[in-house]
Amino acid sequence: MASHFQSKPNAKKILLIKIGAMGDLVIASTFFDNLRKVYPKAHILLLTGKSCFNAVKHNPCIDEFILADDNTLYKGNLFSRLRELFRIVFQLRKYSFDLTFIMHRAWQFNVLAYLVGTPRRVGFARGNEGITLTDSAPQKPNQNERESYLDLLRLLNLQ
């Protein structure tokens, strides 16, 4: 699915979703830098896992963090996973984000962004997994993660 929109989104509140993968968060620093250059006055919030927070907590491009209990999300029983998911959704819905970047390839994170209610949701899609996205970057085999993250910005002509 390509972008439905042509111009740069007017975004005052931007949500980034990257729960796990500490190394990927470090690799994403170029994405964070470029996003901040395009939106110097936007409030940028990163939803990340407690286990990865130390990798990004001093990043000057991120204004605020919400920490997910990634251990529960990935290893908990169904009830505890759902409880943590809904805690996150209700907390994020209060912000009324304009734009969300989902930096995961799993469809569950696309659905999370949809449940948060962001009107513009940008992420990766394999097959029909991007149905809840407004803009999806095609999967490119053998491409490094840094470039994949930058593809999310390129998709909106922000890079």
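One line per residue, one yes/no per condition, for (1) polar (S, T, N, Q); (2) at negative phi:
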{"residue": "83", "(1), (2)": "no, yes"}
{"residue": "86", "(1), (2)": "no, yes"}
{"residue": "93", "(1), (2)": "no, yes"}
{"residue": "106", "(1), (2)": "no, yes"}
{"residue": "110", "(1), (2)": "yes, yes"}
{"residue": "113", "(1), (2)": "no, yes"}
{"residue": "133", "(1), (2)": "no, yes"}
{"residue": "142", "(1), (2)": "yes, no"}
{"residue": "149", "(1), (2)": "no, yes"}
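If you check 115, 67, 82, 73 for being of a type in the set (A, V, I, L, M, F, W, C) and in a strand (DSSP E or B), only one passes: 67.
Kindly indicate whether residue 59 is among the polar types (S, T, N, Q) and without any contact (Cβ under 8 Å) to a residue 12 or more places away in the chain. No. Every condition in (1) farther than 16 Å from residue 16 by Cα; (2) among the hydroxyl-bearing types (Ser, Thr, Tyr); (3) open to solvent by less than 50 Å² (accessible area, probe 1.4 Å); (4) in contact (Cβ under 8 Å) with a residue 12 or more places away in the chain is met by residue 80 except one, and the failing one is (4). Out of all the residues in region 36-45, is one or more among the aliphatic types (A, V, I, L, M), part of a strand (DSSP E or B) and open to solvent by less than 70 Å² (accessible area, probe 1.4 Å)? Yes, there is a match, as at least one residue in region 36-45 is among the aliphatic types (A, V, I, L, M), part of a strand (DSSP E or B) and open to solvent by less than 70 Å² (accessible area, probe 1.4 Å).
The values are calculated or read from the model by the stated rules, or taken from the named source; none is laboratory data. None of the values given here were measured: they were computed from a predicted structure. Every residue, glycine among them, receives a Cβ derived from its backbone with ideal geometry; neighbour counts consider all protein chains shown. Just the protein is used for accessible areas: all its heavy atoms, side chains included, with ligands, DNA and RNA removed. Shrake-Rupley method; radii C 1.70, N 1.55, O 1.52, S 1.80 Å.
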